[in-house]
Amino acid sequence: MKPCPARKLCSRVSAQQITSSPQGSLKVFLEELYCQINRRDLVHPDPLEFLYQYPDPLEREIAGLVAAALAYGRVTQILKSAKEVLLRLGPSPRCRILGSGRQELKLLLAGFRHRFTSGEALADLLWGAAGLIRRYGSLGECFKLRMYEGQTSTLPALCAWMGEMDEASDGWASEVLSSPRGGSCCKRLHLYLRWMVRKDQVDPGGWEGVGASRLLVPLDVHMHRVGRTLGFTKRQQPDLAAAIEITDGFRHICPEDPVKYDFVLTRPGIWGQAESFWKERRFLDGIPELERPDRW
């Protein structure tokens, strides 16, 4: 097993201290992780890395939609699948989907499958995305038009945006990505928003005006257990309610960017060493044994 890239990083503050200390100690711990791990050279393996190939945000939002739609299962297979689809779409995913009809996209993605997602289903999603782009100019513009003054969360806008995506794709958007309207935590959708809204060394951004302060944590099993350890939620399942509670916990620490620490807190799982990384810091004391850490 390869050594964890950050095994020797961030060891000055232990989780044993922060779980029984004032909020300030937790912020110190998280900021130390952020400074050490939030680096582009530590992104691989992650579907996010494909977005760096597209400096134009209008292209990036399509590549990001593909990568997010396929971001479940083993990370090695996610990377293989996302690469295949983006290669088929060519150097300009935006031009390809705007210049192709529904059946053309299905032919383009014929034979593709990523676990439960077929090429046909993905083609329907992209066909729906093209419809929104023709109507609003971009997926991001459609999303921003659903944000209203005073909203503290992207959740209402996401529900409305997915409603539009479903209408444009004959319901296939929710089939491929799921929908928050059913109570799902919708990790992949919130991951997509993180990529497109936040901008730092890791997240490339592109959707100006949405506001990082409104984002929800993309909740997976690893972040769920971290949230339970920190006392942000007592919920047993990583559902939408748990995602909201965990986000609120991080919002108390970093109100302007509650999703800031998502990347660094989930890196050990992607490296395949979540259990050992956090056990060294006694971060997951009292939490059930981790599932396979290379699963999303």
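The values are calculated or read from the model by the stated rules, or taken from the named source; none is laboratory data. Everything quoted here is computed from the prediction, not taken from an experiment. Using ideal geometry, Cβ is built from the backbone for each residue, glycine included, and neighbour counts are taken over all protein chains shown.
Couple of notes before you dig in:
- First in region 199-226 and over 21 Å from Y72 (Cβ atoms), second anywhere and surrounded by fewer than 24 Cβ atoms within 10 Å (Cβ to Cβ) and of a type in the set (S, T, N, Q), Cβ under 6 Å, 6 or more apart: Q201/N38; R214/S153
- When region 175-207 is filtered for residues that are of a type in the set (G, A, S) and at pLDDT 95 or above, the ones remaining, listed by number, are G205, G206.
- Considering residues of region 73-93 that are at pLDDT below 95 and outside any helix (DSSP H, G or I) only, the residue surrounded by the fewest Cβ atoms within 10 Å (Cβ to Cβ): R74
- Residues that are in contact (Cβ under 8 Å) with a residue 40 or more places away in the chain and not charged (D, E, K, R) within region 170-191 comprise W172, A173, V176, L177, P180, G183, S184, C185, C186, L189, H190, L191, listed in sequence order.
- Only one entry of L219, L189 meets the criterion of being in contact with a Cys (Cβ under 6 Å, 6 or more places away or on another chain) and within 18 Å of T266 (Cβ to Cβ), and that entry is L219.
- Evaluation of A121 against the conditions (1) assigned to a helix (DSSP H, G or I); (2) surrounded by fewer than 18 Cβ atoms within 10 Å (Cβ to Cβ) shows that the sole unmet condition is (2).
- Taken as a whole, the structure leaves A67 outside the set of residues that are within 18 Å of the chain's Cα centre (by Cα), at pLDDT 95 or above and part of a loop (DSSP other than H, G, I, E, B).
- Restricting K234, K260 to those that are within 28 Å of T76 (Cα to Cα) and either touching an Asp or Glu at 6+ places or on another chain (Cβ under 7 Å) or among the charged types (D, E, K, R) (or both) reduces the list to K260.
- Counting the residues of region 136-153 that are under 20 Å from L58 (Cβ atoms) and in a loop (DSSP other than H, G, I, E, B) gives 5.
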